[in-house]
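After the structure tokens below, expect a handful of questions from me.
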Amino acid sequence: MAQKVNEVMTPAPVTVSPDTSLSEVGDLMRQHGIGDVLVVHEGRLRGLVTDRDIVVRAVAVQKDMSGTAVADICSTNMITVAPGDEANVAVRLMREHGVRRIPVVDGDRPIGMVSIGDLAVQRDERSALADISAEPPNT
């Protein structure tokens, strides 16, 4: 039987409100050892911001990290999967859209995140990507 997304996802993703400053978002990423945070308003998924987004869309153009809200730079046209979808669906979507992580939603409420690393471990725990993904994050 094919594995489901909820079997490989990281549950309870870190979330912030749209008005959270980029410096606060960066601090949360550091604290949790992650490279992505979901933007949520009234419990509903509204965006996704990555460490790369912060660098490219804010640092590189010299935005004020304390005065810029995450809503100003986050991606809002996200690809999502449901917890009951087969893991292969997430793999296909990552390939088609060139993304490395996909929010897992129940309706429009985020419940997890599935990353290319999660899927690498699921598919072949002996692969180089699985080894890298299993390592603790750099801090």
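Over segment 1-71, what lengths in whole Å, largest first, do the semi-axes of the equivalent ellipsoid take, defined as the square roots of 5 times the eigenvalues of the alpha-carbon gyration tensor?
26, 13, 10
On full extension of the chain, what length is gained from K63 through L93, given 0.36 nm per residue of separation minus the C-alpha to C-alpha distance?
Gain in length upon complete extension: 7.6 nm.
Over the Cα atoms of the chain, each weighted equally, I'd like the Debye log10 I(q)/I(0) at q = 0.16 Å⁻¹, rounded to two decimals.
Per q value, in the given order, log10 I(q)/I(0) is -0.84.
Now a separate question. Please identify, among G117, G43, G26, the residue showing maximal mean-square fluctuation in a Gaussian network model of the chain using a 10 angstrom Cα cutoff.
For the chain, modelled as a Gaussian network with Cα springs under 10 Å, the answer is G43.
May I pose another question? Relative to the longest principal Cα axis of the chain, at what angle does helix 87-97 sit, 0 to 90 degrees, rounded to 10?
For helix 87-97, the angle is close to 50 degrees.
Please state the relative contact order of segment 1-59 as a whole percent: Cα pairs under 8 Å, 6+ residues apart?
About 28 percent, as a whole number.
A follow-up question, please. With viscosity set to 1.306 mPa s at 10 °C, what whole-number translational diffusion coefficient in µm²/s follows for segment 27-102 from Stokes-Einstein and a Kirkwood radius over Cα pairs?
It diffuses with D of about 115 µm²/s by this estimate.
Also, quick follow-up: Can you give me the solvent accessible area of D106 with a 1.4 Å probe, rounded to the nearest 10 Å²?
Approximately 100 Å² of D106 is accessible to the 1.4 Å probe.
The values are calculated or read from the model by the stated rules, or taken from the named source; none is laboratory data. All of these numbers come straight from a predicted model, not from anything done at the bench. Ligands, DNA and RNA are stripped out before the accessible areas are found, and what is left, the full protein with its side chains, is counted by its heavy atoms. Shrake-Rupley method; radii C 1.70, N 1.55, O 1.52, S 1.80 Å.
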